[in-house]
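Student: Dumping the structure here so I can ask a few things about it.
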Amino acid sequence: MDFPRVADALRWGEEILTAEGINGPRIQATLLLGDAMGFNRAQLLANLRDPVPAAAADTYRRSIRRRAAHEPLQYIRGRAPFLDFEVEVGPGVFIPRPETEMVVEEALSLWQPTAQTPWAVDVGTGSGIISIALTRARPAGRICPIDRSPTPLVTARRNATNLGVADRIAFIRGDLLSPLGADQHEPDSGVRQTVGMVISNPPYAPEDGRDVDPEVSDHEPREAWAAGPEGMDAYARLIPQAANLLLPGRPLVLELGYGQADLVTDILAGDGRWQEPRILPDFNEIPRTLTVQRA
Ligand SMILES: C[S@@+](CC[C@H](N)C(=O)[O-])C[C@H]1O[C@@H](n2cnc3c(N)ncnc32)[C@H](O)[C@@H]1O
């Protein structure tokens, strides 16, 4: 099918996406057609009567079919926004969520790097958004992102390079905080002295996928969302490691899954080395960010 005008292409895409139950079909069709034609949204909407070149029409048709099959929009576009920047994402890399922006903003209110304590550790970095946002906001800081999977680490490094902050980021492949010796009761005192904060948006869904949208479980990497039978495994291992690593007064910042605030608070209490946690809701009033200082 040819599209004599941009407006016809948009209507075609919107109809297909609507039929497949995709939310926001008009805006998604607009973004995909804009990508295919090399236009931003405003340019596209200013040219509704223009014809769609054949190559762009082909690309657009392929993109609409992928989206109609419920492949995430961000994977089709190859990029995702976060705060005031954009990162590259693709299969194997968790897509940044707006909830995590609030987690980062809260972390920034607690973290002021100094020459003696320059480092923050970002556990489960994925596309690198948390590390990149912290580095951009705190030029004196240095960040150590850790991820167990190679694909996110490669992508995070490329994102940091593209955004000009890679020289202040030290990527590590490994399991939670283990690479920093945090399985031991008190790791290397030099490392402890220099780490001012631990932050993580860990996997937090039950591994059977019962709480996960099929668009996520079918397309996003399982290791990014599955965390044991109740979704608590990463928190249960990370919290005692962070207590081993952080000196008194230094913060741990965690993104929480739905309904997990009390369970995570219980883990902190059971560990016994933490002050009273603070829990903040997201824009849907769901408790989402937990901050707590090492006692
Ligand atoms: C929910 S995603 C968060 C990604 C990114 N921080 C964000 O907020 O968009 C969790 C990330 O943790 C990583 N991960 C899962 N288990 C891990 C482990 N045991 N050690 C290190 N990283 C892990 C996954 O590969 C994934 O990139």
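The values are calculated or read from the model by the stated rules, or taken from the named source; none is laboratory data. All of these numbers come straight from a predicted model, not from anything done at the bench. The protein model used for the area step is the full one, side chains on, heavy atoms only, and it has no ligands, DNA or RNA in it. Shrake-Rupley method; radii C 1.70, N 1.55, O 1.52, S 1.80 Å.
Student: Quick check: with the 1.4 Å probe, what order do SER63, SER189 take by accessible area, largest first? Working shown, then result.
Tutor: Working: SER63 15, SER189 90 Å².
Ranked list, largest accessible area first: SER189, SER63.
Student: How high is the relative contact order of the chain, given as a whole-number percent (alpha carbon pairs under 8 Å, six or more residues apart)? Please list the in-between numbers first.
Tutor: On the way: 534 pairs, mean separation 40.3, N = 295.
About 14 percent, as a whole number.
Student: ILE267: accessible area at probe 1.4 Å, nearest 10 Å²?
Tutor: It works out to around 40 Å².
Student: Mind listing the long-range amide H neighbours of GLU230? Cut-off is under 5 Å, sequence gap 5 or more, other chains count too, H placed in the peptide plane at 1.01 Å from N.
Tutor: Excluding prolines and chain starts, which carry no amide H, the hits are GLU207.
Student: May I pose another question? In square angstrom, what is the accessible area per residue of the chain with a 1.4 angstrom probe?
Tutor: On the way: 13380 Å² over 295 residues.
That works out to 45 Å² per residue.
Student: Counting only protein chains, not ligands or nucleic acids, how are HIS185, HIS219 ordered by accessible area (probe 1.4 Å), most first?
Tutor: Details: HIS185 125, HIS219 60 Å².
Sorted descending by solvent-accessible area, the residues read HIS185, HIS219.
Student: For ARG79, enumerate residues with amide H under 5 Å from its amide H, sequence gap 5+ or separate chain, H modeled in the peptide plane.
Tutor: Counting only residues 5 or more places away or on other chains, the set is VAL89.
Student: When the distances between all Cα atoms of the chain are binned every 10 Å from zero, what whole-number percent does each bin get?
Tutor: Once binned at 10 Å, the Cα pair distances of the chain give 6, 26, 31, 20, 11, 5, 1.
Student: If you roll a 1.4 Å probe over the chain with all protein chains in place, what percent of the accessible area is carbon or sulfur? Please report the intermediate quantities before stating the final value.
Tutor: Numbers: 6740 of 13380 Å².
Carbon and sulfur atoms account for 50 percent of the accessible area of the chain.
Student: When the convex hull of the Cα atoms of segment 6-69 is projected onto a plane and the area is averaged over all directions, what value comes out in nm²?
Tutor: Mean projected area of the Cα convex hull: 3.6 nm².
Student: Report THR114's accessible area, 1.4 Å probe, all protein chains in place, as a number in Å² to the nearest 10.
Tutor: 60 Å²
Student: Only helical DSSP H runs with n ≥ 4 go in: add -39500 (n - 2.57) per run for the chain, normalise by residue count and round the 222 nm mean residue ellipticity to 500 deg cm²/dmol. Before the final figure, lay out each step's value.
Tutor: Values: 13 runs with 127 residues, N = 295.
For the chain, the value works out to -12500 deg cm²/dmol.
Student: In whole Hz, what ³J(HN,Hα) sequence does segment 232-245 give by Karplus (6.51, -1.76, 1.60; θ = phi - 60°), x for Gly and Pro?
Tutor: For segment 232-245, the Karplus curve yields 9, 4, 5, 4, 5, 8, 6, 4, x, 4, 5, 5, 5, 7 Hz.
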